[in-house]
Structures are given as C-alpha cells and as structure tokens.
1. Assuming residue 218 fulfils every condition listed in (1) of a type in the set (Gly, Ala, Ser); (2) part of a loop (DSSP other than H, G, I, E, B); (3) at negative phi; (4) crowded, with 16+ Cβ neighbours inside 10 Å apart from one, which condition is it?
2. When you look at residue 338, is it surrounded by 12 or more Cβ atoms within 10 Å (Cβ to Cβ) and part of a helix (DSSP H, G or I), yes or no?
3. Return yes or no: is residue 282 farther than 22 Å from residue 137 by Cα and assigned to a helix (DSSP H, G or I)?
4. Among the residues of region 113-121, are any outside any strand (DSSP E or B), open to solvent by less than 10 Å² (accessible area, probe 1.4 Å) and either over 30 Å from residue 9 (Cα atoms) or of a type outside the set (Ser, Thr, Tyr) (or both)?
5. Give the residue, chosen from 279, 259, 265, that is touching a residue at least 12 places away in the same chain (Cβ under 8 Å) and over 18 Å from the mean Cα position of the chain (by Cα).
6. Being outside any helix (DSSP H, G or I) and open to solvent by less than 60 Å² (accessible area, probe 1.4 Å): is that true of residue 195 here?
7. Take the residues in region 26-85 that are touching a Ser or Thr at 6+ places or on another chain (Cβ under 7 Å) and assigned to a strand (DSSP E or B); name whichever of them is surrounded by the most Cβ atoms within 10 Å (Cβ to Cβ).
8. Filter region 12-25 down to the residues that are part of a helix (DSSP H, G or I) and within 17 Å of residue 112 (Cα to Cα), then identify the one that is farthest from the chain's Cα centre (by Cα).
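The values are calculated or read from the model by the stated rules, or taken from the named source; none is laboratory data. Predicted, not measured: the structure shown is a model, and the values here were computed from it. Counting neighbours? That spans all protein chains shown, and the Cβs are built from the backbone with ideal geometry, glycine included. Quick note on the areas: whole protein, heavy atoms, side chains included, nothing else; ligands and nucleic acids left out. Shrake-Rupley method; radii C 1.70, N 1.55, O 1.52, S 1.80 Å.
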Amino acid sequence: MTQGQGDYRILQEAALRDYLAGLPDIVAQLGGEPAGWAITEVGDGNLNLVFIVKGASGGIAVKQALPYVRLVGESWPLPLSRAHYEYLALSRQALLTPGLVPALLHHNETLALTVMELLEPHIIMRKGLVAATCYPRFAGDITTFMARNLFFTSDLALPAADKKEAIAAFAGNHALCKITEDLIFTDPYRIAEQNRWTAPYLDGLAASLRDDMELHVAISRLKLKFMASPEALLHGDLHTGSIMVTESETRVIDPEFAFYGPMGFDVGAVLANLLMAYFASAGHERTPGERREFEGWVLETVELVWSEFSRKFLDLWRSEASGDAYPVSLFAGDKGAARLEAERHAYMQRLFADTVGFAAAKTIRRIFGLAHNIDFELIEAPKERAISEARAVRLARGMMVEAMAFRTIADVTGAARKLRDWQPELSA
C-alpha cells in the first residue's frame with residue numbers, strides 16, 4: 001500500500017502512533033489498542049529515523065527519511081526522494097530475490113516513510129562479526145541476492161528499451177550518488193573537513209594517501225567507472241551494516257543509494273567489509289589466537305562470495321539471457337557457443353578486476369573518510385585499532401595500484417593472510 005497525501009513532517013513517537021493507528025492493515029498486524037503499542041527509535045545509521053513498533057499480536061519496522069544527513073545535522077540537507085528510490089529498489093529486489101529482503105507493508109511518499117517486516121531475531125551482521133560469529137548461510141544467500149539482482153537488471157537480461165527506462169527510473173537519485181562520489185572516491189585522498197582517522201597514529205598514512213599520485217589515478221578511474229557505467233541496478237551501499245542475519249537467514253536492507261552503476265561496486269562492497277572484519281579481528285582478541293577459527297571462516301567466505309557469485313551469474317547468463325547484449329544470432333553453432341563461453345569468462349575477469357578495485361576504495365574510505373565501521377571503531381586501544389587499520393589500507397592500496405597481482409580471489413585472501421601480523425610503522 002502506497003500513499004502520497006499530506007505534507008511532510010518528522011514523526012516522533014506520538015505522531016507516529018497516531019499515523020499508524022489510521023492504517024487498518026497495520027493495526028490488525030500489531031493488535032491491541034494503539035495506546036498500548038511499544039515504540040522505540042533504534043536508528044543507528046547515518047541518515048534516517050528507524051522505529052520498532054510492537055503490539056499485542058506482532059511488530060513492524062518503520063523507517064522515515066530526514067531532510068538532512070543525520071550524522072552531520074541540518075547543515076547537510078538531503079532530498080527526501082531517497083525514500084522513494086529505496087522503496088522502488090526493495091520492490092524490485094523482492095520480485096527477483098524473494099525472502100532475501102524485508103517484506104514491504106506500507107509506503108507514504110510524501111512522508112518519506114516505509115513500513116516493513118520486523119526482522120527478529122536477526123541482528124546487523126557487522127555486530128555479529130565483531131563478536132566473532134560465523135554465518136554458514138551468508139555466502140549462499142548474498143551471492144544469490146547479487147547474482148539475480150545484477151543479472152536481471154542488466155543488458156544481458158533486458159531489452160535495450162526496458163533497460164534505458166529502468167536507468168531513467170533511478171536517475172533522480174543523484175544526490176545519494178554524489179555522497180558516494182565525494183566520500184568514497186575523492187575526500188579520503190585530499191584535505192576534507194569531515195575526514196577523520198585514528199590520530200595521531202595514522203597521521204603519516206593519511207598524508208601519504210594525499211601525496212600518492214598512482215593511487216589518485218587508480219581511484220579516479222574507479223570514480224569514472226562508477227559515474228559512467230550503468231551496468232545494472234545496484235543496492236549502492238551493500239555493506240555488513242545493511243545486512244541482517246541469523247545463522248539460518250539473511251536479509252538485505254537499506255537500498256536508498258540504489259542506482260544503475262557498475263556491478264563490481266556492490267560485489268566489492270561485500271568483499272571489503274568481510275576483509276575489514278578480518279583485519280579488525282586481531283584487535284578484538286582477549287587472548288592471542290582465540291579468533292583464528294573465525295578469521296579462517298571470514299577468508300573462506302571471501303573466496304566463496306566471489307566464486308559462488310561468479311558461478312551463479314554465469315549460470316543465469318547461459319540459461320536466462322534474453323537481453324540485447326551478445327545477440328544469439330551472432331554465436332550460432334558449436335563454434336559460436338564456444339566463443340561466447342570464452343567471452344563470458346573474459347567478462348567475469350573484467351568484473352573481478354572492478355570488484356577488487358571497488359573493494360579497496362570502500363576499505364580506504366572507512367578508515368580515512370567521514371563514516372567509519374564499528375569493526376575497527378570498537379577496538380578499545382587506539383594504537384591497536386590503528387595497526388589493524390593500517391594492515392587493511394596496505395592491502396587496499398595494493399589492490400588498487402598493483403591490480404595485476406590480484407588475478408584471482410585466492411590472490412586477495414593470500415595477501416590478507418600475509419598482512420595479518422604485519423607490524424606497520426605508526427606516526428606515534
């Protein structure tokens with residue numbers, strides 16, 4: 001159910017209760033009298049209000065966009081239209097990957113408000129990783145989510161006209177794209193007011209990023225790819241803070257950065273967050289070696305995420321290709337089939353190279369940019385945190401500047417293992 005009437009207003013507890021009380025389907029789901037509903041604001045992200053509402057019969061989650069960046073305040077205005085794009089993306093993801101996103105229950109475009117299924121007992125995956133929890137279903141679920149959503153929104157599956165209309169439907173989400181373009185691809189490599197890092201220990205490393213012209217070229221190429229390659233519909237912010245999990249279920253949330261861009265950006269975001277969890281792990285140890293089993297699982301998962309994504313994507317290409325790219329008529333007979341199969345693997349190799357670069361970019365921004373990860377931030381001793389971060393940055397720079405050294409996912413995990421106990425020179 002979607003509504004668009006009325007004027008925008010920020011709904012705090014009392015106003016939200018009154019609003020929900022006017023929605024018969026929601027009242028029925030919650031049960032009991034509205035006065036008895038428990039409403040708790042739980043938003044711990046950078047942009048929005050998030051409420052959990054519980055009644056006698058059940059619960060719901062309510063998300064409302066604010067007209068500014070919550071992390072910064074009213075000095076950084078942001079369009080409410082991002083809630084529309086999030087709702088649109090969730091609707092499409094629900095069709096392509098049912099059971100891997102929360103069910104949508106209600107949307108009000110004017111209020112920039114969406115009511116969704118309450119995910120319980122799911123937790124934010126990043127919190128579980130900090131606690132060294134392994135999630136055996138994650139690799140299978142996230143690769144299904146990425147392979148199906150990226151393939152079926154690409155030119156490999158869509159006629160050209162449909163693809164162009166789909167691009168147009170998300171083209172207005174440029175304010176969120178601009179955040180990505182600045183915070184990920186630009187600010188960490190220059191002096192920017194909102195940058196921060198673990199000072200003073202990483203002061204020298206921050207300065208070296210600003211002077212590293214090879215790195216500046218590499219990140220600029222990635223930025224251009226991000227801006228100019230509408231390959232498929234991206235989630236746009238697919239990190240472990242946008243994934244809720246149990247040991248048996250995975251749900252992807254918060255696609256408000258959704259737009260048509262390069263596929264490797266989403267895949268790289270997942271790999272980057274797993275690699276950051278790996279490097280942060282040593283800083284959370286209470287006794288030496290206690291998290292080695294977890295760290296092994298993380299790197300195994302990094303390898304599985306790429307290999308399973310690649311396998312599933314290729315399987316879809318072989319069986320579901322109905323788009324205008326690579327016309328079947330050009331690849332007739334056994335000779336054509338063999339050549340097309342070789343091209344499919346070459347395509348995946350190019351996609352892997354993009355993925356490695358974007359993973360590196362996502363890592364560096366979380367250490368030197370505005371928004372950081374609790375994987376590192378919850379390491380209590382600043383010096384230990386800086387050591388973990390410096391290891392991650394060393395790998396990330398190599399992935400960006402020495403790309404030819406990372407031809408397979410095993411090259412990435414092998415390099416991470418070698419850096420696990422590397423001792424960086426810190427500034428203090």
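1. Among (1) of a type in the set (Gly, Ala, Ser); (2) part of a loop (DSSP other than H, G, I, E, B); (3) at negative phi; (4) crowded, with 16+ Cβ neighbours inside 10 Å, the lone unmet condition for residue 218 is (2).
2. Criteria not met by residue 338.
3. yes
4. No, region 113-121 contains no residue that is outside any strand (DSSP E or B), open to solvent by less than 10 Å² (accessible area, probe 1.4 Å) and either over 30 Å from residue 9 (Cα atoms) or of a type outside the set (Ser, Thr, Tyr) (or both).
5. 279
6. Yes.
7. My answer is 63.
8. 18
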